[in-house]
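Remarks on the structure that follows.
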Amino acid sequence: MMRKFENHVQEMKYEVLKEVSRAAFQGNLEEAIPSIPFRTDPGPSPRIRCCIHKERVITMDRIRLALGGDKKNPNIIEVIDEACDECTINRFIITEACRGCLAHRCTGACPVNAISIIGFKAVIDQEKCIECGKCKESCPYNAVADVMRPCRRACEVGALSIDEQKKAVIDEEKCIRCGACVYQCPFGAIMDKSSINDVIKILKESKVSKTSQNANEPTKSKNGNKEMKVYAIIAPSISSQFTYASIGQVIGGIKTLGFHDVIEVALGADMVALEEAREYRKVVGDIGTMTSSCCPAFVDHVYKVYPELKKHLSSLVSPMIAISRLIKSMDPEGKVVFVGPCTAKKEEIQKKDLKGSTDFVLTFEELAAMLDSQDIALDQLEESPLDNASFYGRIFARSGGLTKALGKLLEEEPGESPFNPITCDGILECDKALKRLKFRRLEHNFIEGMACKGGCIGGAASLSHGPKDKSAVDKYGKMALEPNQQESLRVFDLQSVEYHRDHQINAAQSILKDAVSVNTE
Amino acid sequence: MKTINVCVGSACHLKGAYQVVNRLQKIVEEKKLEETFVIKAAFCLGHCTNAVSVKVDDGEVFPLTEHEVESFLENQLQG
């Protein structure tokens, strides 16, 4: 079947990831790379740019990012300079609505004298314009149009600016790796770095370790070449992806790629919710307001913009880290690969206090590319079950889910202060609540902070974004066998899993340094 | 000391792995066998069609139902 995409940027990225995956599985990556741009951009005419050669150069950049990108750049999101040159449009332009009036307030409002009246019309000298927007505000005819670059509009934390060459630049001090710019750039000029090659490598190693183990000693595997198993842990938002097949078939497909088992991150969400409810009862009296901590972009925003509010952050690791550690407590040799809609998770796993828990992060886009590179037709596969987590763990994927899970636990066993949560949907709402908290103006005692609108289902690396996604998650939640968190976790030895963290050691600055040292190893 | 690994992966979970684990734990507790057996949950033992999969130490994987738990433990005690 033909895979459907939301837009051509997604499709282009997918084609490159698929070619890289195929070559990586075949083990001939080095020989294959030079030929990839000729397959994805066959020519002779270019798709959208000036010439086919430029498009192929950009494809080479995408290949580089598919293979991990610039190791010296700590950010997991990179601007492809070569591809970022179509937005030569200036931000403010004078439209037909300009009457060339007598007042021409625009010229007076402009602080840099960039506007003059030529031929009864206002004209902006774009060399002088500093994009302050004063002319737009002053015009009584609303004749000044603001055509802000899509990446800047997408970046709600203000981390994107444009340099002298009119190329997008990411401010490391502000960027929370949410991926909004990656999703919104109409030219696909901003991309997240991929670990597909590393994941394919360990999948192949795992296959070798399995066969060599079987050949030598079928039952004894005390030491030596023990089988190395690779676990895929999938975010509950997967229920809104690959909707042309059933969840069971998606699981079957992931196993066909060579993963030993597929486990729900929602089970980690159950672990986190239970512990978070305990923490809430314990500390909310002292600190007044507690915030969630499972969205890495939200946590990063607190670190970077509101470091004084760190003590309000829940000390719990994210469901991804919790389930990874549970798996490793049961199989210390195992490798864990997270599959989800999130780019920020790619950085979360590198944090000083979390490193070594989850080994790699793949996005749904990357999973789709890997599946198709091996010609795995999901809708033709047999069903493979997926079950462990409760309803509550599964609805973590959408905005309001975490609050609902906590609310249920706090209803069963209330703390001293009644649960009064605010659900912040998207980083703007999060920022507003954090600002109120900073100035002691927040009346709520719990903040659910999700950087993406709609929650994880609105993640930048989702294959689909739409209203149907929420109902898909709820439907998947209702399919759960276990009614609640206590039931879904009753067989696990959770004592051996550490799932508290110390936010104080993760100063924003040191994170950057850590990331650099990780990448240059 | 024997470690009894019970698969709680999705396939086994659907066929009642949690009940098997809880039954095992209950009998071990009742008969005060804590020194003899450790009951552990494990993710996929790779025998999804033979659920619920159980493995003693590094031995073979075989299926077990909730009702067979008691006689299984008896056998393990003797064996």
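Just so you know, all these numbers are worked out from the coordinates, no wet-lab data involved. All values reported here derive from a predicted model rather than from experimental measurement. All Cβ positions, glycine included, derive from the backbone under ideal geometry; neighbour counts span all protein chains shown.
Relative to 2.2 N^0.38 Å, what does the C-alpha radius of gyration of the range A:1-127 come to as a ratio? Two decimals please.
Numbers: Rg = 22.4 Å, N = 127, 2.2 N^0.38 = 13.9 Å.
So the range A:1-127 has a normalised radius of gyration of 1.62.
Mean separation of Cα pairs under 8 Å and 6+ residues apart, divided by the residue count of chain A: what relative contact order is that in percent? Walk me through the intermediate numbers first.
Numbers: 948 pairs, mean separation 94.3, N = 521.
Contact order relative to length: 18 percent.
For peptide B:39-46, what's the mean number of Cβ atoms from other chains within 10 Å of each residue's Cβ?
Working: counts 2, 4, 6, 3, 12, 9, 2, 5.
Per-residue shielding by partner chains comes out at 5.
Please give the average number of partner chain Cβ atoms lying within 10 Å of the Cβ of each residue in A:301-311, rounded to a whole number.
0
For chain A, what is the calculated [θ] at 222 nm in deg cm²/dmol (nearest 500), taking -39500 (n - 2.57) for each run of four or more DSSP H residues and dividing by its residue count?
Numbers: 21 runs with 210 residues, N = 521.
Helix contribution divided over all residues of chain A: -12000 deg cm²/dmol.
Order these peptides, A:3-11, A:293-301, by their mean beta-carbon neighbour count within 10 angstrom, highest first. Don't jump to the answer; show the numbers that get you there.
Working: A:3-11: 14.7, A:293-301: 25.9.
Averaged packing, sorted descending, gives the order A:293-301, A:3-11.
With everything on Cα atoms, drop me the angle between helix A:364-373 and the longest principal axis of chain A, reported from 0 to 90° to the nearest 10.
Tilt of helix A:364-373: around 70 degrees.
Taking the radius of gyration and the Kirkwood hydrodynamic radius from Cα positions alone, what is the Rg/Rh ratio for the range A:92-146, to two decimal places? Working shown, then result.
On the way: Rg = 9.6 Å, Rh = 10.7 Å.
Looking at the range A:92-146, the ratio lands at 0.89.
Could you list, bin by bin from short to long, the percent of Cα-Cα pairs of the range B:30-79 in 5 Å steps?
Percent of pairs per bin, in order: 4, 16, 30, 28, 15, 5, 1.
Calculate how large, on average over all directions, the projected area of the Cα convex hull of chain A is; give the answer in nm² to one decimal.
Numbers: hull surface 112.5 nm².
So the Cα hull casts an average projection of 28.1 nm².
Percent relative contact order of the range A:92-146, based on C-alpha pairs within less than 8 angstrom and at least six residues apart? Could the numbers behind the result be given before it?
Working: 83 pairs, mean separation 26.2, N = 55.
It comes to 48 percent, rounded to a whole number.
Could you work out [θ]222 nm for chain B from helices alone, using -39500 (n - 2.57) per DSSP H run of at least four and dividing by all its residues? Round to the nearest 500 deg cm²/dmol.
-10500 deg cm²/dmol
Hey, what's the per residue convex hull volume over the C-alpha atoms of the range B:2-70, in cubic angstrom? Before the final figure, lay out each step's value.
On the way: hull volume 4.7 nm³, N = 69.
Value for the range B:2-70: 68 Å³ per residue.
Take every residue in peptide A:483-494, count the Cβ atoms of other chains within 10 Å of its Cβ, and give the average of those counts.
3
Can you give me the relative contact order of chain B as a percent, contacts being Cα pairs under 8 Å and 6 or more apart? Walk me through the numbers on the way to the answer.
Working: 118 pairs, mean separation 31.8, N = 79.
Relative contact order, chain B: 40 percent.
What does the charge add up to near A:Q249, with Lys and Arg as +1, Asp and Glu as -1, over the other residues with Cβ less than 10 Å from its Cβ? If you can, show how the numbers build up before the last one.
Details: positive: none; negative: A:D379, A:E382, A:E383.
Local charge sum for A:Q249: -3.
Could you list the trypsin sites (Lys or Arg not before Pro) in the range A:225-255 that lie in coil according to DSSP, counting only those with at most 14 other Cβ atoms within 10 Å of their Cβ? All intermediate terms of the calculation are to be shown ahead of the outcome.
Working: sites: A:K226, A:K229, A:K255; in loops: A:K226, A:K229.
When the trypsin sites (Lys or Arg not before Pro) of the range A:225-255 are filtered for loop state and at most 14 Cβ neighbours within 10 Å, A:K226 remain.
Take the Cα coordinates of the range A:121-162, assign each an equal point scatterer, and use the Debye formula without solvent to give log10 I(q)/I(0) at q = 0.14, 0.16, 0.26 Å⁻¹.
So the normalised log intensities work out to -0.41, -0.52, -1.04.
Can you figure out the FRET efficiency of A:E413 with B:E74, using R₀ = 56 Å and their beta-carbon distance, to the nearest 0.05?
Numbers: r = 39 Å, r/R0 = 0.70.
The value I calculate is 0.90.
According to a simple spin-label model (label point 7 Å from Cα along Cα-to-Cβ), what is the distance in nm between A:E6 and A:A103?
In this crude spin-label approximation the distance works out to 4.2 nm.
Taking the Cα centre of the range A:92-146 as the origin and placing charges on Cβ (Lys, Arg +1; Asp, Glu -1), which of A:C129, A:C110, A:A145 is farthest toward the positive end of the dipole?
Working it through, the farthest residue towards the positive pole turns out to be A:C110.
Of the listed peptides A:451-458, A:128-135, what is their order by residue-averaged count of other C-beta atoms within 10 Å, with the highest listed first?
In descending order of packing, they fall as A:451-458, A:128-135.
Using only Cα atoms and rounding to the nearest 10 degrees, what angle (0 to 90) does helix A:265-287 make with the longest principal axis of chain A?
70
Among the aspartates and glutamates, which fall within straight-line cross-link reach of A:K121, defined as a Cα-Cα distance under 16 Å, with same-chain neighbours fewer than 8 residues apart omitted?
A:E96
Rounded to the nearest 0.05, what FRET efficiency do A:D474 and A:K435 have when you use their Cβ-Cβ distance and R0 = 41 Å? Intermediate values should be presented prior to the final figure.
Numbers: r = 31 Å, r/R0 = 0.76.
Once rounded, the FRET efficiency stands at 0.85.
With a 10 Å Cβ neighbour count serving as the proxy for reagent exposure, in which order, fewest first, do A:V265, B:V52, A:V147, B:V21 appear? Please list the in-between numbers first.
Numbers: A:V265 32, B:V52 28, A:V147 12, B:V21 25.
Ascending number of Cβ neighbours within 10 Å: A:V147, B:V21, B:V52, A:V265.
Could you identify which residue out of B:K31, B:K55, B:K40 has the top mean-square fluctuation in a GNM of chain B using Cα springs shorter than 10 Å?
Comparing B:K31, B:K55, B:K40 in the GNM, the peak value goes to B:K31.
Using alpha carbons only, how many angstrom separate the centre of the range A:269-298 from the centre of the range A:147-169?
Distance between centres, Cα-based: 34 Å.
Helix A:52-66 sits at what angle to the longest principal axis of chain A, using alpha carbons and giving 0 to 90 degrees rounded to 10?
40
Assign one of three labels to the range A:347-447, namely rounded, prolate or oblate, based on the Cα gyration tensor with a ≥ b ≥ c the square roots of its eigenvalues; rounded applies when a/c is under 1.5, prolate when it is not and a/b is larger than b/c, and oblate otherwise. Don't skip to the answer; put the middle values down first.
Working: a/c = 2.50, a/b = 1.79, b/c = 1.40.
Taking the square roots of the gyration eigenvalues as a ≥ b ≥ c, the range A:347-447 is prolate.
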